[in-house]
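Just below is one structure, and these are the notes that go with it.
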Amino acid sequence: MTRKVILFCLALLATPALAQGFAGMGTEAEGFAAPAPDPAFDFPADHGPHPDYRIEWWYLTANLEGPEGRRYGLQWTLFRSALAPGAREGWDSPQVWFAHAAVTTPEAHFFTERFARGGIGQAGVRADPFEARIDDWRMAGPSLDDMELTATGPDFAYDMNLQAEGPLVFHGDGGYSVKSDQGQASYYYSQPFYRIAGTLTLPEGGVPVSGAAWLDREWSSQPLAADQDGWDWFSLSFESGAKLMAFQLRQSDGSTYSSGTWIEPDGTTTALPDGAISAAPQARTEVAGRTVPTRWRLDLPARGVDVTVAALNPRAWMGVSVPYWEGPVTVSGSHDGTGYLEMTGYE
Amino acid sequence: MTRAGLSALWSFWRRNPLQLFTLVAGLALATALWSGVQALNAQARASYDAAAAVLGEGRYDQLIPAAGETVAQDSYLALRRAGWQVSPVLEGPLQARQARVRLVGIDPLTAPGGVGPMTRSEAATLPAFLSEGVVFAHPGIAEALAGTLSQRVVADPGLAPDTAITDIGVAQRLLGRDDLSRLILAEDQPIGRPDLSDVAPGLIRRASQQASDIGQLTDSFHLNLTAFGLLSFAVGIFIVHGAIGLAFEQRRAMIRTLRTLGLSLRRLMVLMGLELALIALVAGGIGVALGYVLAAGLLPDVAATLEGLYGAQVAGGLQLDPVWWLSGLGIALLGAVLAGAGAFWKIIRMPVLATGARAWAVATGRGRGCQGAAALALLGLAGLGTLLGGGLIAGFASLACLLLGAALALPLVLDRLLALGEAFARGVRTEWFLADTRQQLPGLSLALMALLLAMAANIGVSTMVSSFRMTFTGFLDQRLFAELYVEAEDTTQGAAVADFVQDRGATVLPIQWVDTHIAGQAAEVYGTRVAPAYVENWRFIAQDGTDSAVWDRVADGAAAIINEQLARRADLWPGDPLPLAADRTLPIAGVVGDYGNPIGQVVIGEGLFERLFPAAAPERFGLVTDTPAALRAALQDDLGLAAGQITDQAALKQFSLGVFERTFTVTAALNVLTLAVAGFAILMSLLTLAAMRVPQLAPAWALGLTRASLGRLEVLRALVLAALTGLVALPLGLALAWLLLAVINVEAFGWRLPMFLFPGDYAVLGGFALLAALLAALWPAWRLARTPPSELLKVFANDA
């Protein structure tokens, strides 16, 4: 969903003059292309960048298991942000890239970030053969279904292999995902069916891991309304094989706008309209000076879902340029499973 | 009781406004000199820090080219792709109208935190900086840049003078380049990176603390200033100590009365402490204000000195920092405490009913012994420090010990000299005069010490400056032997100039160099076309073979010549191998004196230079010709060179000497100030002593000496004491000069200068010292001559 949109822009705009909260994403998108209903995607080209849109990301999260059933979470995210529409060679390119990587254990949370200018070859995405890259970090394969994934930080690194075992999934109306009552929207699809395996390098040494991963692809030019100041985003994989993507945008008047997608084990989707899902905080954790809900009750009556979503490590705080919370979660209740939770805008 | 106590204490100052003035003025002067120097230092440091902080030089390691001045952009990309967290920097000169701007391009996205002006500026956002082309410029050049560039120019006082910062892409476009100058290395680096030599073999890592070569070089200058500030402060504290001591002595009776009336010692101490603190704060406030005026007056010269000597840029406007105000007040308080501690201690130990003897002013035999021992110990330490010590700090410590020891020894030496005079004296009046002078020594000794320090500093520094000047002039004659110097616009024009001049029968000496590091020192490597003129003019300090043999080997690329700075710092001398590049070592054939710059220089043959540094090409030339005027005209008329591109030898010498003169303006100004403070100290000592001297003068008056002749004798006494002090100051000053030339200079600048003596200068200085003493003694003498006879008679009335 909308998730990182804001992050991305915020990071760019994180200067005193521009730090106007998450509304940074709500600023006017002069000259940029705007998402339109009834999209016709063109793959593999659409796995590549769309420089005429202001923001875009390649967002991968994974729930992993190591020796003796020890659980881990992994994040690899590449953001593109355009200062102006279009691509150009050299330092003058209006395209800016940045990336976050993290590994979460039940006790620790490692994270780091990267920045790069477009146009000089330091970062970028190529659709075919697929390669998303910034510095020495890569998510690349012959195709989106078969990829290598690497990242390094000051105190961790990972080297993983990804194999897709299901189809791409399109959110909203065939990939056109509405983000507010006022019509803000994005193009949004996912590959939630990856098997992932590889090695985490942590301070204690190398750890062989395997599990499931979920890739989000989204691009837009103005994904949030000006009065939306944060969001809670869930991607859950149930033991039944079904999956659920759900988010709620918290608006400054205290109301929320929610949306989601129910994904059958075969990839069949059902869009969930505003109000279909309810998410309520059950427990909070103080981390990095903020109070963040780290256990949620999620209700989707239409599917008989009534679950508790609890953080594997409630201190999974991403202390990057624009900080947020993101980490692996455990699902219990009417459905058991694992997933990822992202929360922004908590002060 | 408190109120009565305060009122009694204050009444003393009301009755003795002159003493209050002495106290406040002494403290204010001490504070002014100290805080003025601190302001100068702080301003200069802030300028370097601004430069270093904005460019990350102070905090971060950097990757710089092992040779040459350029880093390929591909090296940057290769490093980033290998995981190295580096950020590109491009630096180059940009002409904007009359201003020569140092344009720095950075990439704010990859730059580590705190680098670049955007992090603290609200004038332009990061997106604007990246996409619209914003140039942050020091206010001094902002207008010139705005008139030249199409980019938006934002004035930023936080930048170093003549510096402008913009996005790396804009910088490349404006400078017409596609490469980089260096890379900033972030503190946090990912694990598992390949070695630097595998990814970018042409780059070397320069540690952050080494990065600011300017800081290292200018440290010595600031230490110099600080030492002067401290010296001035010490002189001021002498005055204050005298004034406080005197006041406490004179208030003994009052203190006794207050205490017998029931004021507790503790409360009395608190009240007197408050009184002193109040005076110190007022004096400190005045001092800080004076210090600001002083600093503002000297700043242009300090800035000129730093730029001339080191190429370091200092902003021209003095910025007031509250910390500076507070530290000025603090130093005034500290000075008052230092000066008043002894007096307080005496009052605490004084029996309640003690009489008001002038015990403080009479140096007892035991006290004298202690003083002598302390003086000897300090002089011994100074000698020891000079023999054994290394480093600038040790040099200055020796200097401080020498000055303090000599100051402490002065009263004893003067006493011995006067006693010697008494032994040879003929006539009652002379004997009385000498005995009375000896009697007054303790009261005057602090002022005389101040005079001694001021004179010695003056002799020492003027000897150093004059020695330097003679050596420097000789050095300029050696070095600037070409008649004309030409600076081409680019290498193409340079080549054209060389051809043109050669055709006209003049000798062309290309001047080309690269900035690099040798043996861990910042250094310039010059590629020299060896010509007979070099052999004839250059003089070696140390050499391996005859002059022509040395130059022959250099011409063959078989040896190098280095300057004295590099030789002393890296301990490299003729015969030693000189590591020139990673795979190239040359033996050193000669060491030359070099008083033109503080950093190391290496001279190698032109051929070898071109092989080692193929990217460098000469743009400057020395032209040896018999017809400089005609050649100059031809260069301008036929080749179209601008007049400003050609400099003749005389103008260049003038310029170099000008740099040199300004270098010592600051020192000279501080010298004059210390002498003035010493004169003031004498004046105040004489004035405060005058009142107490009446009982001693009254009998002489009664025996027939007129008041006028007593006054004349007072003036004579001041002159005799000043002259004797001058006699002591001369050897002390020469010792100081030797320390400055042979120890401090070597440590600070890397060169040792021959010491020349200037008896004429010393005579003039002696004259000034006598004049100061005369001026200081005139008013007290005039007052003495005008003392009403009734005052003198009162002495006997009291006796009765």
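The values are calculated or read from the model by the stated rules, or taken from the named source; none is laboratory data. A quick note: this is a predicted structure, and the numbers were derived from the prediction, not measured. Neighbour counts are summed over all protein chains in view; Cβ atoms, including those assigned to glycine, are modelled from backbone coordinates with ideal geometry. Protein only, heavy atoms only, side chains kept; ligands, DNA and RNA dropped before computing areas. Shrake-Rupley method; radii C 1.70, N 1.55, O 1.52, S 1.80 Å.
Remarks
- Net +/- balance of residues flanking residue A:148 in space, Cβ distance below 12 Å, scoring K and R +1, D and E -1: -1
- Between B and A, roughly 2300 Å² of accessible area is buried in total, ligands, DNA and RNA not counted and the probe set to 1.4 Å.
- Local electrostatic count, residue B:534, Cβ distance below 12 Å [Lys/Arg +1, Asp/Glu -1]: -1
- Built amide H within the under 5 Å cut-off of residue A:305, gap 5+: A:300
- Solvent exposure of region B:365-495, expressed per residue, is 43 Å² of accessible area, with all protein chains present and a 1.4 angstrom probe.
- Qualifying trypsin sites (Lys or Arg not before Pro) in region B:497-598, DSSP loop, other Cβ atoms within 10 Å at most 16: B:504, B:539
- Computed E for residue A:210/residue A:43 - FRET, C-beta separation, R0 25 angstrom, nearest 0.05: 0.40
- Highest mean packing comes first when the peptides B:400-408, B:189-197, B:621-629, A:258-266 are listed by Cβ atoms within 10 Å, giving B:400-408, A:258-266, B:621-629, B:189-197.
- Extending 7 Å from the Cα toward the beta-carbon at both residue B:654 and residue B:388 defines two label points whose distance is 5.3 nm.
- Extension gain, residue B:346 back to residue B:370 (0.36 nm per residue minus Cα-Cα distance, nm): 6.9 nm
- Inter-label distance, residue B:585 to residue B:779: 7.0 nm, where each label sits 7 Å from its Cα along the C-beta direction.
- Protection-proxy order for peptides B:760-773, A:175-188, A:270-283, each taking the mean of Cβ atoms within 10 Å per residue, highest first: A:175-188, B:760-773, A:270-283
- For region B:59-211, the percent of C-alpha pairs falling in each 5 Å distance bin, counted from 0 to the bin holding the largest distance, reads 2, 10, 19, 22, 19, 14, 9, 4, 1, 0.
- In order along region B:170-176, the Karplus-derived 3J(HN,Hα) couplings, from 6.51 cos²θ - 1.76 cosθ + 1.60 at θ = phi - 60°, round to 5, 4, 4, 5, 5, 8, x Hz, and Gly and Pro are given as x.
- Among beta bridges from DSSP that stay inside region B:478-652, the antiparallel ones total about 75%.
- Phi angles across region B:368-379 convert, under the Karplus curve 6.51 cos²θ - 1.76 cosθ + 1.60 with θ = phi - 60°, into 3J(HN,Hα) values of 4, x, 4, 4, x, 5, 4, 4, 4, 4, 5, 5 Hz, Gly and Pro given as x.
- Solvent-accessible area of region B:59-211 (1.4 angstrom probe, protein heavy atoms only): carbon and sulfur portion equals 46 percent.
- Heavy-atom accessible surface of chain A: percent carbon and sulfur, 1.4 Å: 48 percent
- For the segment A:85-92, counting C-beta atoms of other chains within 10 Å of every residue's C-beta and taking the mean gives 3.
- Applying a DSSP loop filter and a limit of 16 other Cβ atoms within 10 Å to the trypsin sites (Lys or Arg not before Pro) in region A:61-96 leaves A:70, A:88.
- The chymotrypsin sites (Phe, Trp or Tyr not before Pro) of region A:27-94 meeting both criteria, a DSSP state outside H, G, I, E and B (loop) and at most 16 other C-beta atoms within 10 angstrom of the site's C-beta, are A:41.
- Residues whose amide H falls under 5 Å from that of residue B:530, counting only those 5 or more places apart or on a different chain, are B:606, with hydrogens built in the peptide plane.
- A Förster radius of 22 Å combined with the Cβ-Cβ distance from residue B:4 to residue B:790 puts the calculated FRET efficiency at roughly 0.10.
- Taking a ≥ b ≥ c as the square roots of the eigenvalues of the Cα gyration tensor, an a/c ratio below 1.5 marks chain A as rounded.
- Think of region B:478-652 as a dipole: +1 on every Lys or Arg Cβ, -1 on every Asp or Glu Cβ, centred on the Cα centre; then among B:600, B:616, B:496, B:600 lies furthest on the positive end.
- Net +/- balance of residues flanking residue A:253 in space, Cβ distance below 14 Å, scoring K and R +1, D and E -1: -2
- Distant-in-sequence amide H partners of residue A:173 (H built 1.01 Å from N, under 5 Å): A:178
- The protection proxy used here, the mean number of other Cβ atoms lying within 10 Å of each residue, ranks peptides B:255-261, A:322-328, B:637-643 as follows, highest first: A:322-328, B:255-261, B:637-643.
- Mean residue ellipticity (222 nm) of chain A, computed from DSSP H runs ≥ 4 via -39,500 (n - 2.57), nearest 500: -1000 deg cm²/dmol
- Mean per-residue shielding of peptide B:130-137 is 2, counting Cβ atoms of other chains within 10 Å of each Cβ.
- Coordinate range of the alpha-carbon atoms in region B:478-652 per principal axis, descending: 49, 31, 28 Å.
- Among the residues of B:169-178, the average count of other protein chain beta-carbon atoms within 10 Å of the residue beta-carbon is 2.
- Backbone HN-Hα couplings from phi across region A:231-239 [Karplus 6.51/-1.76/1.60, Hz, Gly and Pro as x]: 8, 10, 10, 10, 10, 10, 10, 8, 5
- Inter-site label distance for residue B:633 and residue B:269 at 7 Å from Cα along Cβ, in nm: 8.7 nm
- In this structure region B:59-211 gives 39 Å² per residue of accessible area when probed at 1.4 Å with all protein chains present.
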